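Okay, so here's the structure we're looking at.
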Amino acid sequence: MVGTLERRASPSTAPTMGKSPTHGRDALRAGRIPKHHARLLNTFAPVIAFALLLVFWKLVVVIGGYKPFLLPPPEAVARSFWDALRDGILWPHLRTTLIEAGYGALAGIAVAFALGYVLVHIPLLDRALSPVIAACQAMPIVAIAPIFILWFGTGLLPKILICALIVFFPTLVTWMIGLRAIEPDLIGVANLAGANRWQILRYVEVPLALPSLLGGIRIAFTLSVIGAVVGEFVSARQGLGYLLKQAEFLYDTPLKFVALFCLMAISALGHVIVASLERLLLSWED
């Protein structure tokens, strides 16, 4: 009797079971955003978020009744930005910080790339140097910056070195994690195929460890801006950190916000550049 009931139930249930995946896919297709709409949404989402931030900022100023020297409204900061740009005050400071952060990030990434590769492939050296590198990262960059200024002067070099130092560790860690995540069998196959060390690095290790490395580089560009500002706080005649100190000395809060927004823009620019590289270099994963 049970077998008879199962046979009777199966014709009615089988069509339902067969239709459900197609029905689910149709529902998903119906709920999907068209590609061109998705591209527009991805493009304008940061703009919309920034506009909402400005609206919230204005509401806080109006409702709270804050004085401009405590929390200036967005229009006051915009006027200060235009005045600094028109008078030629802003660009030299912005250019200096860009140079320091850019060169420092590139130097830190290059050293981390070379050293990370060596440490992964020489375990004895890794065991010897990794505790030292980790211990050096415990030293606050604010304490190291005056020493670098004392050793290398007040020019661009100490700020670039500060940026490189602060960028070095996260890039090193993510690069080594990516290399160690590669299956040893893939390296073995490459060796059997007759690939030399350079070919294995170029065609196996770098492509497979690249997602992890690019994640570290995203962090690195943001940290390099912090390093540049720290160096400029200690000793500088130009740079956005120096401009922040000058604005604080003059009690010019709108100008201080201008410098802060410029620092945010530099970090956002670095993020966009790395994200574009990521889409370009990792397109083979799609």
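Can you tell me which of Ser80, Ser12 is of a type in the set (Ser, Thr, Tyr), modelled with pLDDT of 75 or more and in a helix (DSSP H, G or I)?
Criteria check complete, one pass: Ser80.
If you go through region 226-242 one residue at a time, do you hit one that is on the phi > 0 side of the Ramachandran plot and at pLDDT 90 or above?
Checked region 226-242: at least one residue is on the phi > 0 side of the Ramachandran plot and at pLDDT 90 or above.
Return the total of residues in region 58-68 being among the aromatic types (Phe, Trp, Tyr) and loosely packed, with under 12 Cβ neighbours inside 10 Å. Explain how you work it out, then say what you get.
Looking only at region 58-68, we keep the residues that are among the aromatic types (Phe, Trp, Tyr), and these are 66.
The next check asks that each one be loosely packed, with under 12 Cβ neighbours inside 10 Å; those that pass are none.
Within region 58-68, residues that are among the aromatic types (Phe, Trp, Tyr) and loosely packed, with under 12 Cβ neighbours inside 10 Å number 0.
When residues of region 224-252 are filtered for being part of a helix (DSSP H, G or I), crowded, with 19+ Cβ neighbours inside 10 Å and in contact (Cβ under 8 Å) with a residue 60 or more places away in the chain, how many remain?
The qualifying residues number 13.
Hey, Lys159 hits all of (1) loosely packed, with under 14 Cβ neighbours inside 10 Å; (2) touching an Asp or Glu at 6+ places or on another chain (Cβ under 6 Å) but one; which does it fall short on?
Lys159 satisfies every listed condition except (1).
Kindly indicate which of Ile149, Ile177, Ile166 is part of a helix (DSSP H, G or I), surrounded by fewer than 18 Cβ atoms within 10 Å (Cβ to Cβ) and touching a helix residue (DSSP H, G or I) at 6+ places or on another chain (Cβ under 7 Å).
Ile177
Quick one: would you say Pro68 is outside any helix (DSSP H, G or I) and touching a Phe, Trp or Tyr at 6+ places or on another chain (Cβ under 8 Å)?
no
When residues of region 77-106 are filtered for being touching a residue at least 12 places away in the same chain (Cβ under 8 Å) and of a type in the set (Asp, Glu), how many remain?
Qualifying residue count, region 77-106: 1.
The values are calculated or read from the model by the stated rules, or taken from the named source; none is laboratory data. None of these values were measured; they are calculated from a predicted model. Here Cβ is always computed from backbone atoms with ideal geometry, including for glycine, and neighbour counts include all displayed protein chains.
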